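Asks: What follows is a single structure, and I will ask about it in a moment.
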Amino acid sequence: MGGILGYNLYSKERIYKNETLMSFYFQPNRKIIKKWVPYTLSSGEIVQRNIDTGEIRNYKKRTILASKTASLNRTVILMNTILNMNDFDWFFTITFDKQKIDRTNESAVFDCYVKYVNNLKKQFPSFAYMTFPERHEDGCFHLHMLVTGLTPKQMGLVNSGKVCCHWAKKRNKYGILEGLGYCCKNYFEKTKHLHELKETDGEPIYNATSFAYGFTTVSRICSRERCNSYVKKYVEKALGSTEKFKKRFYYSSNLKVPDIVKKLIGADFEKPLNLKYDAIEEIDKNIYIDNAKGQPYVSDYNVLQIKIDNAIKKDLDKGLIPLDIDLSKIFKNYNQATMFD
């Protein structure tokens, strides 16, 4: 392929349940041929290899850091997308029994996990999940799962006699009090008048007899927003890519994902340093800008990113102007200085 002639301006719509995220961004109008590509040595180390000369060189530290950061960002975006599109019913915490398997052995833990979810999928096609693997300081693997599509009977739930309790604490091996999150029902009833209760406080904690490789705690998800916020911390401290757990989280293929619509807006912009300014006229024609919600988001890779309610977008697509929208709000008088600086 020849050199880059210019850049094309695109819009991409990610259509969620209640709103659409619309991004405006540039891409080169010709494929960039990379001379240096990733290459794995016999030792397993990943380096760069020149496709023309075969020369080998190590990745620079800043390149590795940038790659890890980009990978984490992609993971967070995917996780948020799935969480926003789906409603889960149950929160699982799975601990493996050291009498049955070596819970520090990644392969053994991974194989048991795969057998468990595959067995549930085979029995109950409606079963859907997200799984977040975690490795504690003692080297033992734990799993946290968000589950939907199963009844308590299908999961084999039995009441453990404990309930959720946000003020319950225990002493760790260093003698320091740390949050436990649950307690016996009697303790909860005796102390609940001393605390401001959260949605989950008092909710029964179950054990899932369908899991044969260890111990489980299962609780009903009472607040979707709080649950989503809670599981995001697992991605930040997740295993990353290991020999077996190659992803920071796993999810079933039957979960809902947003429809994505990509459109070409303008072609052959020839001034890369002034792309954002050159795009103003094209973006100004977009009927959704005036009816967007919240503040516009701008990054180095996107000219502009906005959100719009699906009901409003549907009316605009039909040529209708929503009566409850103030057309003189935030985006009406935007200019180069406020939008692109």
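None of the figures in this text is laboratory data; all of them are computed from the coordinates on show. Predicted model, so just to flag it, every value in this text is computed and none were measured. Methodologically, a virtual Cβ is constructed for each residue, glycine included, from the backbone with ideal geometry; neighbour enumeration extends over all protein chains shown.
Asks: For segment 59-189, count all C-alpha to C-alpha pairs, find those more than 20 Å apart, and express that count as a whole percent of the total.
Replies: 65
Asks: Counting other beta carbons within 10 Å of each residue's own, what order do R62, R226, R248 fall into, fewest first?
Replies: R62, R226, R248
Asks: Please work out, to two decimal places, the log10 of the ratio I(q)/I(0) at q = 0.25, 0.29 Å⁻¹ from a Debye calculation in which every Cα of segment 73-137 carries one identical scatterer.
Replies: So the normalised log intensities are -1.20, -1.26.
Asks: Mind checking which lysines have their C-alpha under 17 Å from K318, skipping anything on the same chain fewer than 8 residues away?
Replies: K318 reaches K285.
Asks: For S42 and D111, compute 0.36 nm times the residue count separating them, minus their Cα-Cα distance, and round to one decimal in nm.
Replies: Extending this stretch completely gives an extra 22.2 nm.
Asks: Another question about this same structure. Would you list, by chain and number, the lysines whose Cα falls below 20 Å from the Cα of K60, excluding same-chain residues fewer than 8 positions away?
Replies: List returned: K34, K35, K68.
Asks: How high is the FRET efficiency from K169 to T63, r the C-beta distance, R0 45 Å, rounded to 0.05?
Replies: 0.55
Asks: Over the residues of segment 27-106, compute the C-alpha Rg and express it relative to 2.2 N^0.38 Å.
Replies: 1.76
Asks: A further question follows. Quick check on the exposure proxy: order R49, R224 from fewest to most C-beta atoms within 10 angstrom.
Replies: Ascending number of Cβ neighbours within 10 Å: R224, R49.
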